[in-house]
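Engineer: Mind looking over this structure? Questions follow.
The values are calculated or read from the model by the stated rules, or taken from the named source; none is laboratory data. Computed from a predicted model, the values in this text were never measured in an experiment. Cβ coordinates were reconstructed from backbone atoms using ideal geometry, including for glycine residues, and neighbour counts include every protein chain displayed.
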Amino acid sequence: MIKAGIHGTTDTPNARDLVRLLLIHPDIQFMGFANEEHAGRPLWEDVFDIYGSTELRYARSLDLSSLDVLFCLDAHRVPDEAIARLNTDPEFRLIVFPPAPGMPSAVEGNEKFVYGIPELNRKAMVRGARAVRLATAPAMALLDAAFPIARALMLPSSSDPLEVHVEGPAYDPARAARESEICLRAVQSSFGAPVHFQGPSAPAHSLRGMTGDMEIPCNIDDETLRNAYSEAYSDHNFAFLLPPGTELPTGAEDAPLAGCNKCFISLTHPEHGRIRLRAAIDPRMKGAVGNAIHCMNLLFGLHERTGLDLKPGE
């Protein structure tokens, strides 16, 4: 069994969802949750539905020498001992969530960390990587939607901005844009356009849905484009291009993938010479904790879907 722990804040959906997923994962022994402020309190007081499933209480700290993997919920507060162990113990894994808007990340620029989009970086994760910094949810939606086109070198090489309209919970547009630009240029070096994220944040009750919508100039026929997605994602488990004529809901309030770790992508041709890509995810699953578990599975050589065969819906 893989021994896993959590470090960081306790009062967020990510914290609660991660506890739930670690408790039901068939290959995980959940060892504890480190939060000095709440040390001694039962976890179920914050995650009420796990009452009866665990007697774990928050701890002041965790013995990292007893862990195989640590999930850090606060990117600006990654424990120094976790970085030190990553540098000295080849069996230890570290997964760091994105920082809150406006906050720095303690691991950005650290070459030991793979960028956490499995559709782009699965090979690196299964071939020796030991640390992952997770992507922000809007960057995940954009990159899953655009990666197959960039992989086939079909993104426009013009300098016109790639405008991405996002509907979903609050996010950091500057960070999402920076992540997206770096990744797309790494895949297709001729892509030099800036990426602009825009769109209102949804109210709190819409946290389970996020859609990203973008139009790009493209004169390539539909069959060629769809073949690019088939080639890129035929052996992947969570990113899917929908059949022609299938439209995704426009707004976050519909949350078609609530509770699910999938990304659904639609491809349409609104006018000659342009394509519209729309991606839908659950920002708490594919955009956060589900992706964290997906990356962990890859780091430990497990099947991608382990612990993630969840039914969509609330």
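Engineer: Given Ile149, Ile95, which one is modelled with pLDDT of 95 or more, under 30 Å from Ile220 (Cβ atoms) and not hydroxyl-bearing (Ser, Thr, Tyr)?
Structural biologist: On the way: Ile95 fails: under 30 Å from Ile220 (Cβ atoms).
Of the residues listed, the single one that is modelled with pLDDT of 95 or more, under 30 Å from Ile220 (Cβ atoms) and not hydroxyl-bearing (Ser, Thr, Tyr) is Ile149.
Engineer: On to the next question. What number goes with the only condition from (1) aliphatic (A, V, I, L, M); (2) modelled with pLDDT of 90 or more; (3) surrounded by 19 or more Cβ atoms within 10 Å (Cβ to Cβ) that Ala186 does not pass?
Structural biologist: The one condition Ala186 does not meet is (3).
Engineer: Would you mind stating whether Val107 is at pLDDT 95 or above, in contact with a helix residue (DSSP H, G or I) (Cβ under 7 Å, 6 or more places away or on another chain), closer than 30 Å to Ala232 by Cα and not charged (D, E, K, R)? Please lay out each step first, then the result.
Structural biologist: Details: at pLDDT 95 or above: no; in contact with a helix residue (DSSP H, G or I) (Cβ under 7 Å, 6 or more places away or on another chain): yes; closer than 30 Å to Ala232 by Cα: yes; not charged (D, E, K, R): yes.
Here the answer is no, as Val107 does not meet what is asked.
Engineer: Determine if the stretch 196-203 includes at least one residue that is surrounded by 13 or more Cβ atoms within 10 Å (Cβ to Cβ) and either within 18 Å of Glu108 (Cα to Cα) or at pLDDT 90 or above (or both). Walk me through how you get there before you give the answer.
Structural biologist: Here is the first cut: in the stretch 196-203, the ones surrounded by 13 or more Cβ atoms within 10 Å (Cβ to Cβ) are 196-197, 199, 201-202.
Adding the requirement that they be either within 18 Å of Glu108 (Cα to Cα) or at pLDDT 90 or above (or both) leaves 196-197.
Yes, some residue in the stretch 196-203 is surrounded by 13 or more Cβ atoms within 10 Å (Cβ to Cβ) and either within 18 Å of Glu108 (Cα to Cα) or at pLDDT 90 or above (or both).
Engineer: Further, regarding this structure: How many residues does the stretch 56-77 contain that are in contact with a Ser or Thr (Cβ under 9 Å, 6 or more places away or on another chain), without any contact (Cβ under 8 Å) to a residue 40 or more places away in the chain and aliphatic (A, V, I, L, M)? Before the answer, list the steps.
Structural biologist: From the stretch 56-77, those in contact with a Ser or Thr (Cβ under 9 Å, 6 or more places away or on another chain) are 58, 73-77; that's our starting set.
Then drop every residue that is not without any contact (Cβ under 8 Å) to a residue 40 or more places away in the chain, which leaves 76.
Those still in the list that are aliphatic (A, V, I, L, M) too: none.
Qualifying residue count for the region: 0.
Engineer: Another one. Six or more apart or on different chains, Cβ atoms under 7 Å: show the pairs whose first residue is in the stretch 245-256 and modelled with pLDDT under 60 and whose second is assigned to a loop (DSSP other than H, G, I, E, B) and charged (D, E, K, R).
Structural biologist: The qualifying pairs do not exist here.
Engineer: Quick check, is Ala75 surrounded by 14 or more Cβ atoms within 10 Å (Cβ to Cβ), touching a helix residue (DSSP H, G or I) at 6+ places or on another chain (Cβ under 6 Å), under 26 Å from Tyr171 (Cβ atoms) and hydrophobic (A, V, I, L, M, F, W, C)? Give the steps one after another, and end with the answer.
Structural biologist: Details: surrounded by 14 or more Cβ atoms within 10 Å (Cβ to Cβ): yes; touching a helix residue (DSSP H, G or I) at 6+ places or on another chain (Cβ under 6 Å): no; under 26 Å from Tyr171 (Cβ atoms): yes; hydrophobic (A, V, I, L, M, F, W, C): yes.
Against the criterion (surrounded by 14 or more Cβ atoms within 10 Å (Cβ to Cβ), touching a helix residue (DSSP H, G or I) at 6+ places or on another chain (Cβ under 6 Å), under 26 Å from Tyr171 (Cβ atoms) and hydrophobic (A, V, I, L, M, F, W, C)), Ala75 does not qualify.
Engineer: Of all the residues that make up the stretch 278-294, how many are within 18 Å of Thr246 (Cα to Cα) and surrounded by 24 or more Cβ atoms within 10 Å (Cβ to Cβ)?
Structural biologist: Selection size over the stretch 278-294: 3.
Engineer: Related question: Could you go through the stretch 243-257 and let me know if any residue there is crowded, with 16+ Cβ neighbours inside 10 Å, in the same structural domain as Gly209 (by TED's automatic domain parsing) and within 15 Å of the chain's Cα centre (by Cα).
Structural biologist: Looking for residues that are crowded, with 16+ Cβ neighbours inside 10 Å, in the same structural domain as Gly209 (by TED's automatic domain parsing) and within 15 Å of the chain's Cα centre (by Cα), one finds at least one in the stretch 243-257, hence yes.
Engineer: Which fully enclosed strands (runs of 3 or more DSSP E) of the stretch 162-243 have 1 or more residues being of a type in the set (Val, Ile, Thr)?
Structural biologist: Details: elements: 162-167, 195-198, 210-217, 239-241.
Qualifying strands (runs of 3 or more DSSP E): 162-167, 195-198, 210-217.
Engineer: Mind listing whichever residues of the stretch 1-26 are more than 19 Å from the chain's Cα centre (by Cα) and assigned to a helix (DSSP H, G or I)?
Structural biologist: Leu23, Ile24
Engineer: Does the stretch 46-53 contain at least one residue that is free of Cβ contacts under 8 Å to residues at least 24 places away in the same chain and either assigned to a helix (DSSP H, G or I) or charged (D, E, K, R) (or both)?
Structural biologist: Yes, that holds for at least one residue.
Engineer: Restricting attention to the stretch 1-26, and to residues there that are charged (D, E, K, R) and farther than 15 Å from Leu70 by Cα, which single residue is modelled with the lowest pLDDT? Reasoning before the result, please.
Structural biologist: So the first thing to find is which residues in the stretch 1-26 are charged (D, E, K, R), and the list is 3, 11, 16-17, 20.
This time we only want the ones that are farther than 15 Å from Leu70 by Cα, so: 11, 16-17, 20.
Numbers: Asp11: 86, Arg16: 95, Asp17: 95, Arg20: 95.
For the stretch 1-26, the residue satisfying everything is Asp11.
Engineer: Looking at Ala34, Ala4, which is the one that is buried (at least 16 other Cβ atoms within 10 Å of the Cβ), touching a His at 6+ places or on another chain (Cβ under 7 Å), small (Gly, Ala, Ser) and closer than 28 Å to Tyr115 by Cβ? Step through it out loud before you land on a result.
Structural biologist: Values: Ala4 fails: touching a His at 6+ places or on another chain (Cβ under 7 Å).
Just a single option satisfies the conditions, and that option is Ala34.
Engineer: Is it the case that Ala150 is assigned by TED's automatic domain parsing to the domain that holds Leu241, surrounded by fewer than 23 Cβ atoms within 10 Å (Cβ to Cβ) and free of Cβ contacts under 8 Å to residues at least 24 places away in the same chain?
Structural biologist: Working: assigned by TED's automatic domain parsing to the domain that holds Leu241: yes; surrounded by fewer than 23 Cβ atoms within 10 Å (Cβ to Cβ): yes; free of Cβ contacts under 8 Å to residues at least 24 places away in the same chain: no.
So Ala150 fails the test.
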